[in-house]
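Asker: Sending over a structure as structure tokens; questions will come in a sec.
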Amino acid sequence: MPNAERTFIRYVALGDSQTEGLGDGDDTTGLRGWADRLAEHLAAVDPRLQYANLAVRGRLARQVHAEQLVPALALRPDLATVVAGVNDLMRPKFDAAEVVGHLEAMFAAIGATGAHVATVTFPDIGKVVPLARPLRPRVYELNSRIRAAAARHGVTVVETAQHAFATDPRIWSEDRLHLSSLGHERFAAAAAHAVQLPGSDDTWTRALPQGPAAPTGLRAANAELRWLAAYLGPWLARRVRGRSSGDGRTAKRPQLLAVPVDPDERTGGFAR
């Protein structure tokens, strides 16, 4: 782990839709997301920071490995985040060992350059999407293997999954698959704390203030039906057609660029 005084000046983010920033802004106004927000934390500590985001929505772990590792290495980061696996987790032929094999290959290759690498564990998806409760054993196995692979390579693990706020509906967007703006904000704070960025603390772990009671009975059933029609149905339709939400898309920020410290001056891949 870096010491409390360490700062970073070349940050590269690899991953899928969460790292791209879905749920925090939109494709018209611009996506922000936890990686952009982490870059802002880093730039506040050291304004020399340059940041690239190679993530593309819909990518499986093997695709992140195949498409993003070489460009990431070419950018010579001193900090890299590698986050993938949820898209794999929802596929019928999920293989946790194979998924983490791709993650570990990226941990090893980036870590060998001397860069600090960080990754994440995932929350209990069954508490976020009730219909996904059968996937819980997959989440537990994936997290266990990620922790073991990270330990072998000195990779920092951002352990948001251990805290109650991670399954609070308010940190998830309406599709329940992507973080909301609040969720991306919390996740960025968690990552800053995990890499021991000066000025970071554990306030991100605190539960949110009590909110409205969750719907029950018929209201809950209707909410699930609306979610099925609006989000799960289209996702399944793409799977049947062999399509992905990331088809034809490229990284939003493929080159290292300076990061404005003032949030009203964001440009490039940052929300506008």
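Asker: Which order do the peptides 11-18, 134-141 come out in when sorted by mean C-beta neighbours inside 10 angstrom, highest first?
Answerer: Most protected by this proxy first, the peptides run 11-18, 134-141.
Asker: Could you give the length gained on full extension between residue 44 and residue 62, defined as 0.36 nm per residue of separation minus the Cα-Cα distance, in nm?
Answerer: 3.1 nm
Asker: Further, regarding this structure: Checking the a/c ratio against 1.5 first, then a/b against b/c, what shape does the Cα gyration tensor give for segment 45-176?
Answerer: Verdict is prolate for segment 45-176.
Asker: With a ≥ b ≥ c taken as the square roots of the eigenvalues of the C-alpha gyration tensor of segment 115-156, please select rounded if a/c is under 1.5 and otherwise prolate if a/b is larger than b/c or oblate if it is not?
Answerer: Because a/c hits 1.5 or more and a/b exceeds b/c, segment 115-156 counts as prolate.
Asker: Another question, then. I'd like the distance separating the alpha-carbon centroids of segment 133-195 and segment 68-125, in whole Å.
Answerer: 14 Å
Asker: Tell me the relative contact order for segment 85-215 as a rounded percent, counting alpha carbon contacts under 8 Å between residues six or more apart.
Answerer: Once normalised by length, the contact order is 22 percent.
Asker: Take the alpha carbon gyration tensor of segment 128-196, find the square roots of its eigenvalues, order them as a ≥ b ≥ c, and report rounded if a/c is under 1.5; if not, report prolate when a/b exceeds b/c, else oblate.
Answerer: Verdict is oblate for segment 128-196.
Asker: Let me ask something else. Please give the length that would be gained between residue 28 and residue 255 if that part of the chain were fully extended, namely 0.36 nm times their separation in residues minus their C-alpha to C-alpha distance (nm, one decimal).
Answerer: Going from the current span to full extension adds 79.6 nm.
Asker: Check residue 50: other-chain or 5+ apart residues with amide H under 5 Å from its amide H, H built from backbone geometry?
Answerer: The answer is 10, 11.
Asker: Please list 3J(HN,Hα) in residue order for segment 201-206, calculated via the Karplus relation 6.51 cos²θ - 1.76 cosθ + 1.60 where θ = phi - 60°; whole Hz, with x for glycine and proline.
Answerer: Result, ordered by residue: 8, 9, 5, 5, 7, 5 Hz.
Asker: Give the carbon-plus-sulfur fraction of the accessible surface of segment 1-123 in %, rounded to a whole number; probe 1.4 Å, heavy atoms of protein chains only.
Answerer: Summing carbon and sulfur atoms, their accessible area is 53 percent of the total for segment 1-123.
The values are calculated or read from the model by the stated rules, or taken from the named source; none is laboratory data. Fair warning: this is a prediction, and the values are worked out from it, not measured in the lab. Cβ coordinates were reconstructed from backbone atoms using ideal geometry, including for glycine residues, and neighbour counts include every protein chain displayed. SASA here: full protein model, heavy atoms, side chains in, ligands and nucleic acids out. Shrake-Rupley method; radii C 1.70, N 1.55, O 1.52, S 1.80 Å.
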